[in-house]
Amino acid sequence: MSKSKDIGLTIEQVLEYAGVASGLKRDAEIASWLGLGKSALNNWRTRGTVPYKTLIPILLEKEISLDWFFAPGRSLKVPQALLQHHLRKELGEAAAAYHGDNLQLNKVLEALQYIQAIFARHDLQTSEDNMQLFLSVYESLSAEPELRSVTLERMAETLKE
C-alpha cells in the first residue's frame, strides 16, 4: 500500500492531521516536525503518493495514534483474537512474575474477562487507557461487587456517548 489513493488519504490530509497533532500551521513547519525536508514534501506532492514506509515510523515515534491519523472519526476495533493473544502473553508474564501464584493469576484473568465482557456489551474500544481505568475501578470496588458492577456499567455507558 504505497499510494495515498489506496486508502483515500491525500498529501493535504497528511499535512492537515500532522498539523493538528503538532499544533503547527505552515507546511514547511509541519514537514520539519515530521523530520522531512521541503524537497521531500514536494516529492510527495509531485508523485501523488504518501510514503507510508517513511510516515508510519515517524508517527509511532511521536506516539500519534495510527487509527486517529489514518481513519479519523472511525472507531476501529482490535480483533478479539489479538486481544486474547495479548491477554495470554500478559498472563504468561504475570505467571513468571508471581512465580506460579495461581490464585492471583485467576483474579487477574477474572477481572480482565469481566471488563472485556462489559466492553463487548457496550461496543467500546479496548484501549490501554480504558483497560487501566476499568481495572482500577474493578480493584478498588472488589469488596462491593454490586456497586462495582453498576459503576463499571455506567462508566461504559458514559464512554459510549
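Only the coordinates and a few stated rules stand behind these numbers; no lab work does. Being a predicted model, the structure only gives us computed values, none of them experimental. Positions of Cβ are backbone-derived with ideal geometry, glycine not excepted, and every protein chain shown enters the neighbour counts.
Specify whether the C-alpha gyration tensor of segment 4-70 places it in the rounded, prolate or oblate class, a ≥ b ≥ c being the square roots of the eigenvalues: rounded for a/c under 1.5, otherwise prolate if a/b is larger than b/c and oblate if not. Here segment 4-70 falls in the rounded category.
Along segment 63-68 the Karplus relation, 6.51 cos²θ - 1.76 cosθ + 1.60 evaluated at θ = phi - 60°, assigns HN-Hα couplings of 6, 8, 4, 5, 4, 5 Hz to successive residues, with x for each Gly and Pro. The distance between label points at Ser22 and Glu63 comes to 1.9 nm (points 7 Å beyond Cα on the Cα→Cβ vector).
Counting charges near Pro72 (Lys, Arg +1; Asp, Glu -1) among other residues having Cβ under 15 Å from its Cβ returns a value of -2.
Taking label positions 7 Å along the Cα-Cβ direction at both Arg74 and Glu146, the computed distance is 4.4 nm, reported to one decimal.
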